[in-house]
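Peer 1: First, the structure itself, so that you have it in front of you.
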Amino acid sequence: MSELVELSQPAARADDDALWRAAVAVLQGNWEQGYTVPSRRLYPHQWSWDSAFTAIGWARVSPVRARSELESLLASQWTDGRVPQIVFNPTTPRDAYFPGPDFWRTRDVPGTPHRETSGLVQPPLHARAAWEVHCADPDPEFLRRVYPRLRAQHDYLQRERSDGAGLVVIVHPWESGQDNSPAWDAELAGVPTAASGTPSTRPDLQHVAPDERPTAADYGRYVALAEAYRDRGYRDADALPEHRFVVVDPLFNALLCWSEEALADIAGVIGEPVEPHRRRAAQLRDAMLEHLYDPDAGQFFALSGPGGAHRSVERTVGGLVPLLLDLPAEVVDAVVGSAVGPRFALSDRVPLPSYDLTGHAFDTTRYWRGPAWVNMSWLVLRGLQRHGRWAQAETVRAALLAVVRAGGFREYFDPLSGVGRGCTDFSWSAALTLDLLAGDRP
Ligand code: GLC
């Protein structure tokens, strides 16, 4: 534990001090030789965007571990630039998680790393996380090491996943990070359930109640989509023309844009050209405003179907996350209006729900169909701060601290009562609590 240096003192309240120690204990307990598992039992490998959030938390306690968290993930980048959704731990039983390495079979795929991985990606928060880690403990050498890999990650998405209109697509709900969001229901309805492949005993249901997890029908469709992509060798040019799920997700694109801005900052420190990153970030932001934003609704929506012709009508918290970006004042006003309105009901008691409280598919319990996730509220909070909405940002912060104080570092929370759900000792819930306690930053 010698690399644990308390860089920032937790705030003065005694219960904050206890919370800080509890959060550090969760991260220590989930630390696994170079990176952090999201949860010891439910998610016993390395997950991509989890590591980005977790690095942001580790940066407050151990910058050494924060850097290792990101660099261990980037070490498993594919030669095409993709940063995989999951990097499998070779010492964990192969069937501890489904779909595991025997499903993805990446050993058979050219250009894959030494470690076995999934063939999908997750929201690209990594350049932003690298920048945050550097800000907590400046280390230009670290930035020099990770910059080429982060740039290659963004290049892969812009090259292989372009929607042709300036945005990038995802090919599976798991790539969105918001697995069973109602935003994917319409697209998923057309996907036949996999006849084979799903084990009769799903490992996730050994750890969490079935009514909190995706249904069997959804799981069968997830498996079918993943199989279809795998069977095309994960080659996007071959797979995408006939793929059943090709979606432009506002959260994914917003994080790509936010990370592109961070790449510009990183480039500035290490003497690389800044302008290309600034330009790309502005193009992404403009394309989001043009194609995903609905001024009447005051939020951003997903697109699917040929040419992105179908705009989702489902309002999810991911549609508020573009608040992270440099936006026109009237858009900021409208999105903040949505956050405080009846659909998301921003309060200091419970963090933002993952889905419209008044929506037809709203469910207090099931995963991404209502429950409040720490990372989503943290992202919105950062957006509120960016636009100087300090009072609302403080409200979100109070809600996040209230639920983790009362219920521990749960995976998600009931969006009405704040009761904890999903697994316990969840890494990003603990990590982002450390970030909140360490103080408000830009
Ligand atoms: C769930 C979440 C996903 C996360 C993963 C590991 O699948 O939906 O966003 O990355 O768990 O924590």
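The values are calculated or read from the model by the stated rules, or taken from the named source; none is laboratory data. Model, not experiment: these values are computed from the prediction. Methodologically, a virtual Cβ is constructed for each residue, glycine included, from the backbone with ideal geometry; neighbour enumeration extends over all protein chains shown. Side chains included, ligands, DNA and RNA excluded: accessible areas come from the protein's heavy atoms. Shrake-Rupley method; radii C 1.70, N 1.55, O 1.52, S 1.80 Å.
Peer 1: Taking the stretch 2-314, how much of its Cα-Cα pair set, in percent, is spaced more than 29 angstrom apart?
Peer 2: 39 percent
Peer 1: Over the chain, calculate the relative contact order: mean separation of alpha carbon pairs under 8 Å at least 6 apart, over the residue count, as a percent. Working shown, then result.
Peer 2: Working: 837 pairs, mean separation 75.8, N = 442.
Relative CO of the chain lands at 17 percent.
Peer 1: Helix-only mean residue ellipticity at 222 nm, the chain, DSSP H runs n ≥ 4 weighted -39,500 (n - 2.57), per residue, nearest 500. What is it?
Peer 2: -14000 deg cm²/dmol
Peer 1: With an 8 Å cut-off on Cα pairs and a minimum separation of 6 or more residues, tell me the relative contact order of the stretch 266-373 in percent.
Peer 2: Reported relative contact order: 17 percent.
Peer 1: I would also like to ask the following. Put a dot 7 Å past each Cα toward the Cβ at Val64 and Arg202; how far apart are the dots in nm?
Peer 2: Between Arg202 and Val64, the simple spin-label model gives 4.1 nm.
Peer 1: Can you tell me which of 296-304, 160-168 comes out highest on packing, and rank the rest after it, using the mean Cβ neighbours within 10 Å? All intermediate terms of the calculation are to be shown ahead of the outcome.
Peer 2: On the way: 296-304: 21.2, 160-168: 17.2.
Per-residue mean Cβ counts within 10 Å order the peptides as 296-304, 160-168.
Peer 1: If you put +1 on each Lys and Arg Cβ and -1 on each Asp and Glu Cβ, how big is the dipole of the stretch 2-314 around its Cα centre, in Debye rounded to 20?
Peer 2: On the way: 31 positive and 45 negative charges, 136 e Å.
For the stretch 2-314, the charge dipole is close to 660 debye.
Peer 1: Could you please state how large a percent of the accessible area of the stretch 2-314 is carbon and sulfur, counting protein chains only and using a 1.4 Å probe?
Peer 2: Percent of accessible area from carbon and sulfur atoms in the stretch 2-314: 50.
Peer 1: Further question: Between Glu330 and Ala14, what FRET efficiency comes out of the Förster formula 1/(1 + (r/R0)^6) with R0 = 56 Å and r the beta carbon distance, rounded to 0.05?
Peer 2: Rounded to the nearest 0.05, the efficiency is 0.80.
Peer 1: What nm distance separates the two modelled labels at Asp102 and Ala398, each placed 7 Å from Cα along Cα→Cβ?
Peer 2: In this crude label model, Asp102 to Ala398 measures out at 5.2 nm.
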